[in-house]
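Inspection log for the structure reproduced underneath, given as structure tokens.
The values are calculated or read from the model by the stated rules, or taken from the named source; none is laboratory data. Note that the coordinates shown come from a computational prediction; the quantities given were computed from them, not determined experimentally. Quick reminder, even Gly has a Cβ in these numbers, built from the backbone with ideal geometry, and neighbours come from all protein chains shown. Note: areas computed on protein heavy atoms with side chains; ligands, DNA, RNA excluded. Shrake-Rupley method; radii C 1.70, N 1.55, O 1.52, S 1.80 Å.
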Amino acid sequence: MQPTQRRLANAIRALAMDAVEAANSGHPGMPMGMADAATALFTRHLKFDPADLRWPDRDRFILSAGHGSMLIYALLYLTGYERPTLDDLKRFRQLGSPTAGHPENFELAGVEVTTGPLGQGLAMAVGMAIAERHLNAVYGDDLVDHRTFVIAGDGDLMEGVNHEAVGLAGHLKLGRLIVLWDDNKITIDGSTDLSRSEDVVARHAAAGWQTLECDGLDAGKVSKAIEKAVADERPTLIRCKTIIGYGAPNKQGTAATHGAALGRDEVEAARKELGLSAEEFTVPDDVLKAWRHAGERGSTERTEWQRRLQASGKKDEFLARMSGKVDDAWLKPYLDTLLGELKPVATRKASEMALEAINAAIPATIGGSADLTGSNNTKTKALEPLTADNYGGRYVYYGIREFGMAAAMNGMALHGGVIPYGGTFLVFTDYARPAIRLSALQKAKVIYVMTHDSIGLGEDGPTHQPIEHLQSLRAMPQIEVFRPADAVETAECWALALQSDEPSVLALTRQNLAPVRTQPTNENLCAQGAYRLRSAGKERKVILIATGSEVEVALGAAEQLEAQGIGADVVSMPCTERFDAQPANYREDILPDVSNREILRVSIEAGTTFGWERYTGLHGLRIGIDRFGVSAPAPDAYEFFGITPDAVAARVLDELKRGTVPSEGTVPVGEHE
Ligand SMILES: Cc1ncc(C[n+]2csc(CCOP(=O)(O)OP(=O)(O)O)c2C)c(N)n1
Ligand SMILES: [Mg+2]
């Protein structure tokens, strides 16, 4: 006789309790409450094959309630994934074990996305569902025909990003997206009555979702609901009524089961209640066999898919596209044309010009903007909107949903087959930041097109003028911040972002910039992060290090200094992270010996000076803005903050006169008059 679904679910409960107990840390309540629903999904509906983890047409499963990580670890183990092993489960949350505290996509191939920051799993799922429909439009049902399933908790549905994600999914009619809500009425602080009284179901319905309800502790009923969800054209929310910590007789239904080991006595009582073996980390043979059998369900479907791929005549193209690798064959011809017709241009416009070449050469790109298309210059002429009626389009109108856009782009990138880029103002990276951080952590290849990158945006004033943003993004690991100085650098930086396997931020100007790179080069000079743009004519006394729009200022200041007999290098530094990664001799050549007081190093960037001592040394001079901006036309704002060739040259001369002693006196201009 086949074991019942309840017995299969109880294996999840047992493993969750035991692993949390062994670690004396973790969250048993969620996996125990959703064990039946997850069993229904994994044994009857989800399309997957543990024998081919990256099968492109597999269904995607996202545990948005990432604190319940033992749920997915148990499922992966039970269905026969190579990892985690039973030993991995025993080492839950320990150093070096892939069963990390929260599910990490870089630890286990069976984990599609990193979750834990509540709300973002579901928001990434929206991006996965977009990528699926887009690729379906390109390659057809034979090659792309899968769904995205999510398990979400109360927290996922309370977070603000949920509003953005649910709205976008409803608008785009992402019927392949199915969310199972663990409606246990409990969060950490206690009952959800403490903090929530909205009608969650009605909110989804109002956004165009199908909404269903079922007993989440009855796998059969959950299964029926999933069938209905699959049959409907709308995205579906299935409200699964559950009890947190189900099976722990004294603690179930309480917040006590949310995030702590149950304790030996309670685990023992639960074993009795659930009819489990007394020994920890054991799964009865017939139960494990049934689970492994469920894990093999997808095998035939996968081989049939392989056959279709083989016969499609598109195999190489499809697989190359899924690999995410692109070449930069577009770059040289584009630069040749560009150098033939140099003129002042804003780098946001230069980005659009580069994108015309990129989007024509690389069909995987999907652009978009959070309602600033005309300002971010993200839409190229040939791109059609990606809409509910035309998933084949390559431009997403994300609406004013910066966080939702960034999270969706993470989902798209991690789905594979598409390279998302999206824009807003640099200052609003703050709105998108939690998802930018997850791009970096997960190495999701997302390209952020962040325009209006300084006081140079002018009249919109301090609320719109980034100050701390560039440095705060540079402080984030595994993401590169590019701030190109002109159209040539912009194209080079785009090429680097597309080649990278990490996410990138392009910080681009609103205002026109004069060309600083006017000669062809054999190499992409931005690749090293910083390079000598101008060499001192006279004996070198000063190195001016600048980024983006301030490179032009540095060149002007250098000329004035040379006229007074002071040799000045100008170093353009479009990407500090890349410069830091260069060999010591290269860095030494560009910025010789930190302690060499014969040469004054000066940083010029229209943002915070915080952190620039890294390149100027403490005795260097840092020109920037350590206060909020001003509402004024851009030239006036630059004048006010002393970021002009005249003001920079004057400050350098002043500093040289004083001698390059360690000076507390490097007060940013704009403050000291
Ligand atoms: C953005 C974010 N804020 C806070 C937390 C900390 N946190 C983890 S779980 C949780 C409660 C979530 O409640 P629910 O989704 O209902 O999970 P349950 O207690 O039912 O397992 C909180 C606040 C988090 N992980 N992410
Ligand atoms: Mg809850």
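Residue pairs, Cβ under 6 Å, 6 or more apart or interchain, first in the stretch 59-76 and farther than 10 Å from Pro103 by Cα, second aromatic (Phe, Trp, Tyr) and assigned to a helix (DSSP H, G or I). List them.
Leu75/Phe42
Would you be able to say whether some residue in the stretch 347-367 is assigned to a helix (DSSP H, G or I), touching a Phe, Trp or Tyr at 6+ places or on another chain (Cβ under 9 Å), free of Cβ contacts under 8 Å to residues at least 24 places away in the same chain and surrounded by fewer than 19 Cβ atoms within 10 Å (Cβ to Cβ)?
no
Does Leu135 meet the test of being away from ligand 2 (no atom under 16 Å from the Cβ) and either crowded, with 22+ Cβ neighbours inside 10 Å or part of a strand (DSSP E or B) (or both)?
Yes: the conditions hold for Leu135.
Looking only at residues in the stretch 25-41 that are hydrophobic (A, V, I, L, M, F, W, C) and either crowded, with 24+ Cβ neighbours inside 10 Å or outside any helix (DSSP H, G or I) (or both), which one is farthest from ligand 1 (Cβ to nearest atom)?
So in the stretch 25-41, the residues hydrophobic (A, V, I, L, M, F, W, C) come out as 30, 32, 34-35, 37-38, 40-41.
Keeping just the survivors that are either crowded, with 24+ Cβ neighbours inside 10 Å or outside any helix (DSSP H, G or I) (or both) gives 30, 32, 34-35, 37-38, 40.
Working: Met30: 4, Met32: 10, Met34: 9, Ala35: 13, Ala37: 13, Ala38: 13, Ala40: 19 Å.
So, considering only residues that are hydrophobic (A, V, I, L, M, F, W, C) and either crowded, with 24+ Cβ neighbours inside 10 Å or outside any helix (DSSP H, G or I) (or both), the one farthest from ligand 1 (Cβ to nearest atom) is Ala40.
Would you point out the residue of the stretch 190-206, among those that are open to solvent by 50 Å² or more (accessible area, probe 1.4 Å) and under 22 Å from Ile400 (Cβ atoms), that is nearest to ligand 2 (Cβ to nearest atom)?
By that ranking, first place goes to Glu198.
Write out, first by first residue and then by second, each pair whose Cβ atoms fall under 8 Å of each other, whose residues are 6+ apart or on separate chains, and whose first residue, in the stretch 88-114, is closer than 15 Å to Asn24 by Cα and open to solvent by 60 Å² or more (accessible area, probe 1.4 Å) while the second is more than 16 Å from ligand 1 (Cβ to nearest atom) and part of a loop (DSSP other than H, G, I, E, B).
Lys90/Phe281; Arg91/Ser97; Arg91/Thr99; Arg93/Thr99
So which residues in the stretch 169-189 are away from ligand 2 (no atom under 16 Å from the Cβ), part of a loop (DSSP other than H, G, I, E, B) and either basic (Lys, Arg) or within 23 Å of the chain's Cα centre (by Cα) (or both), if there are any at all?
Correct list: Leu172, Lys173, Leu174, Arg176.
All but one of (1) within 16 Å of ligand 2 (Cβ to nearest atom); (2) touching a His at 6+ places or on another chain (Cβ under 6 Å) hold for Lys241, so report the exception by its number.
(2)
If you take the residues of the stretch 213-251 that are surrounded by 21 or more Cβ atoms within 10 Å (Cβ to Cβ) and within 31 Å of the chain's Cα centre (by Cα), which of them is farthest from Val179 (Cα to Cα)? Please lay out each step first, then the result.
Here is the first cut: in the stretch 213-251, the residues surrounded by 21 or more Cβ atoms within 10 Å (Cβ to Cβ) are 214, 216, 219, 222, 225-226, 229, 235-238, 240, 242, 244-248, 251.
Narrowing further to those that are within 31 Å of the chain's Cα centre (by Cα): 226, 229, 235-238, 240, 244.
Numbers: Ile226: 9, Ala229: 9, Pro235: 8, Thr236: 6, Leu237: 5, Ile238: 6, Cys240: 10, Ile244: 18 Å.
For the stretch 213-251, the residue satisfying everything is Ile244.
Those residues that are without any contact (Cβ under 8 Å) to a residue 40 or more places away in the chain and in contact with a strand residue (DSSP E or B) (Cβ under 8 Å, 6 or more places away or on another chain), I need them from the stretch 220-249; list them, please.
Passing the criteria: Lys221, Lys224, Ala225, Lys228.
Any residue in the stretch 138-158 that's touching a residue at least 24 places away in the same chain (Cβ under 8 Å) and closer than 16 Å to Thr115 by Cα: show its pairings with residues that are within 16 Å of ligand 2 (Cβ to nearest atom) and of a type in the set (Val, Ile, Thr) at Cβ separation under 7 Å, as long as the two are six or more apart or on different chains.
Correct list of pairs: Val150/Val179; Ala152/Val179; Asp154/Thr187; Asp154/Thr192; Gly155/Thr187; Leu157/Val200.
Can you give me the ranges of the helices (runs of 4 or more DSSP H) entirely in the stretch 252-329 with at least 2 residues that are open to solvent by less than 80 Å² (accessible area, probe 1.4 Å), modelled with pLDDT of 95 or more and under 19 Å from Ala11 (Cα atoms)? Spell out how you get there, then give the answer.
Working: elements: 264-274, 285-295, 299-312, 315-323.
Hits in the stretch 252-329: 264-274, 285-295.
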